[in-house]
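Novice: Take a look at this one; I'll ask things after.
Values quoted throughout were computed directly from the atomic coordinates according to the rules given, and no laboratory measurement underlies them. Treat the numbers as computed from the prediction; the structure is a model and nothing was measured. Counting neighbours? That spans all protein chains shown, and the Cβs are built from the backbone with ideal geometry, glycine included.
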Amino acid sequence: MCLGVPVQVVEAGEGVALCRGPNGDEHISMLLIGEQPVGTWVLSHLGWAREVVSEADAANITRALEGMHALMNGAESIDVEHHFPGLGIAPEVS
């Protein structure tokens with residue numbers, strides 16, 4: 001399974017951009033979505049930008065990935081409302 005990781009373009013280039021994300025700086029291919037200006041958030045899948053996302057969506061995806069990472073590394077629980085806003089348990093209906 002391949003998860004998209006949000007990264008931000010910090011240096012635009014022809015076909016490739018230097019991007020900054022949770023794993024540091026990396027060169028990402030922009031061939032699938034076209035060149036993007038500095039500041040743009042994209043989802044990176046194995047070094048390829050696949051989709052342009054908003055800053056808010058990038059933050060939500062990053063929080064969700066952090067929550068999954070914590071659970072995979074042995075955390076017994078996470079703050080679901082923080083890591084997955086809006087996905088909390090729905091109130092019971094009487």
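Novice: What angle, in degrees between 0 and 90 and rounded to the nearest 10, separates the Cα long axis of helix 55-72 from the longest principal axis of the Cα atoms of the chain?
Specialist: Between the helix axis and the principal axis of the chain, the angle is about 60 degrees.
Novice: Tell me the net charge near D79. Cut-off is 14 Å between Cβ atoms, D79 excluded, with +1 for each Lys or Arg and -1 for each Asp or Glu.
Specialist: Here the charged neighbours net out to -2.
Novice: Further question: Counting other beta carbons within 10 Å of each Cβ, put W48, W41 in order, fewest first.
Specialist: By the 10 Å Cβ count, ascending, the order reads W48, W41.
Novice: At 7 Å along the Cα-to-beta-carbon direction for both H69 and S29, put a label point, then send me their distance in nm to one decimal.
Specialist: 2.5
Novice: Let me ask something else. Calculate the translational D of segment 5-83 in whole µm² s⁻¹ from Stokes-Einstein, where the hydrodynamic radius comes from the Kirkwood formula applied to all Cα pairs, the temperature is 10 °C and the viscosity 1.306 mPa s.
Specialist: Values: Rh = 13.0 Å.
Calculated translational D: 122 µm²/s.
Novice: By counting other Cβ atoms within 10 Å of each Cβ, how are M68, M30 ranked from fewest to most? Show your work: numbers first, answer last.
Specialist: Values: M68 14, M30 21.
Ascending Cβ contact count within 10 Å gives the list M68, M30.
Novice: Restricting to DSSP H runs of at least four residues, report the calculated mean residue ellipticity at 222 nm for the chain, -39500 (n - 2.57) per run over all residues, nearest 500 deg cm²/dmol.
Specialist: Result for the chain, helices only: -7000 deg cm²/dmol.
Novice: Neighbour counts of other C-beta atoms within 10 Å: give me T62, T40 arranged from fewest to most.
Specialist: Listing T62, T40 from fewest to most nearby Cβ atoms yields T62, T40.
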